[in-house]
Amino acid sequence: MSAPDAPADLTRNQALVYAALTRAGGPLSAYAILDDLRAAGLRAPQQIYRALDKLTERGLVHRLESLNAFVACCDPAHEGHEMAAFSICEACGKVGEMTDAGLIDRLKRLAARDAFQIRSMTLEVRGLCAECAARA
Ligand SMILES: [Zn+2]
Ligand SMILES: [Zn+2]
C-alpha cells in the first residue's frame, strides 16, 4: 500500500497517528498505535482517541467495528466520505477498501425510503483474499 501524503492542516498528534496507520498498511487498534508512538512522546490513550476521532470524522481513517481497529483510507482524495466497504480476510487479516458510489447511493436510497437518517456506515465483508483462497 503506498503511503498517501497527509493533509497539511493536521495537528502533530493527528499527523503522527495518520502516519502510523499508513505505515502499517493495515488495521491497527488504538493501543497498537499508542505503542507505535511512544517513542514520539505520546503516552495517553486519550491523545490517540482524540486524534482518531478527528481523522475518522474527516474520512482519512475508517473504523472497523468488528476488529475494533482503525485503518487509513485507501484514497485520501475522497476525504470526507463517511461511508466505506471493506473486505477482511479471515486467514491473513488483510483488509481491502472497496468504494463504489452506486452501492453507497443505493443504500442511501433504501434508508431514505424508511426516512432513516444515516450517521455512519461501514460495511465489512468477511472471507478469504485471493492468495489465501488459492492456498486453501
Ligand atoms: Zn476511504
Ligand atoms: Zn488472506
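Hey, can you tell me all the residues within region 116-132 that are within 16 Å of ligand 2 (Cβ to nearest atom), closer than 19 Å to Arg63 by Cα and of a type outside the set (D, E, K, R)? Within region 116-132, Val125, Gly127 qualify.
Here is a list: Leu34, Leu52, Leu16, Leu103. Which entry is of a type outside the set (Asp, Glu) and touching a Phe, Trp or Tyr at 6+ places or on another chain (Cβ under 8 Å)?
On the way: Leu34 fails: touching a Phe, Trp or Tyr at 6+ places or on another chain (Cβ under 8 Å); Leu16 fails: touching a Phe, Trp or Tyr at 6+ places or on another chain (Cβ under 8 Å); Leu103 fails: touching a Phe, Trp or Tyr at 6+ places or on another chain (Cβ under 8 Å).
After applying the criteria, what remains is Leu52.
Quick one: how many residues across region 40-62 are in a helix (DSSP H, G or I) and not aliphatic (A, V, I, L, M)? Full working, then the answer.
Looking only at region 40-62, we keep the residues that are in a helix (DSSP H, G or I), and these are 40, 45-57.
Okay, now just the ones that are also not aliphatic (A, V, I, L, M), so 45-47, 49-50, 53-54, 56-57.
Adding up the residues that qualify gives 9.
Restricting the search to region 7-38, which residues are in contact (Cβ under 8 Å) with a residue 60 or more places away in the chain and either touching a strand residue (DSSP E or B) at 6+ places or on another chain (Cβ under 7 Å) or surrounded by 20 or more Cβ atoms within 10 Å (Cβ to Cβ) (or both)?
Pass one, region 7-38, residues in contact (Cβ under 8 Å) with a residue 60 or more places away in the chain: 7, 26-27.
Once the filter is applied, which keeps residues that are in contact (Cβ under 8 Å) with a residue 60 or more places away in the chain and either touching a strand residue (DSSP E or B) at 6+ places or on another chain (Cβ under 7 Å) or surrounded by 20 or more Cβ atoms within 10 Å (Cβ to Cβ) (or both), region 7-38 yields Gly26, Pro27.
Can you find even one residue in region 53-64 that is over 14 Å from Thr122 (Cα atoms), aliphatic (A, V, I, L, M), surrounded by 22 or more Cβ atoms within 10 Å (Cβ to Cβ) and free of Cβ contacts under 8 Å to residues at least 24 places away in the same chain? No: region 53-64 contains no residue that is over 14 Å from Thr122 (Cα atoms), aliphatic (A, V, I, L, M), surrounded by 22 or more Cβ atoms within 10 Å (Cβ to Cβ) and free of Cβ contacts under 8 Å to residues at least 24 places away in the same chain. All of Ala115, Ala69, Ala111, Ala84 fail the test of being among the aliphatic types (A, V, I, L, M) and within 11 Å of ligand 1 (Cβ to nearest atom), apart from Ala84.
Might you let me know whether region 106-115 holds any residue that is within 16 Å of ligand 2 (Cβ to nearest atom) and either loosely packed, with under 11 Cβ neighbours inside 10 Å or not small (Gly, Ala, Ser) (or both)? Don't jump to the end; show me each part of the working.
Step one: list which residues in region 106-115 are within 16 Å of ligand 2 (Cβ to nearest atom), which gives none.
Within region 106-115 (the criterion being within 16 Å of ligand 2 (Cβ to nearest atom) and either loosely packed, with under 11 Cβ neighbours inside 10 Å or not small (Gly, Ala, Ser) (or both)), the answer is no, since none of the residues qualifies.
Within the option set Gly26, Gly96, being part of a loop (DSSP other than H, G, I, E, B), small (Gly, Ala, Ser), more than 18 Å from Arg12 (Cα to Cα) and within 16 Å of ligand 1 (Cβ to nearest atom) holds for one residue only, Gly26.
FYI, it's all coordinate maths here, none of it is from the lab. All values reported here derive from a predicted model rather than from experimental measurement. All Cβ positions, even for glycine, are placed from backbone atoms using ideal geometry, and neighbour counts span all protein chains on display.
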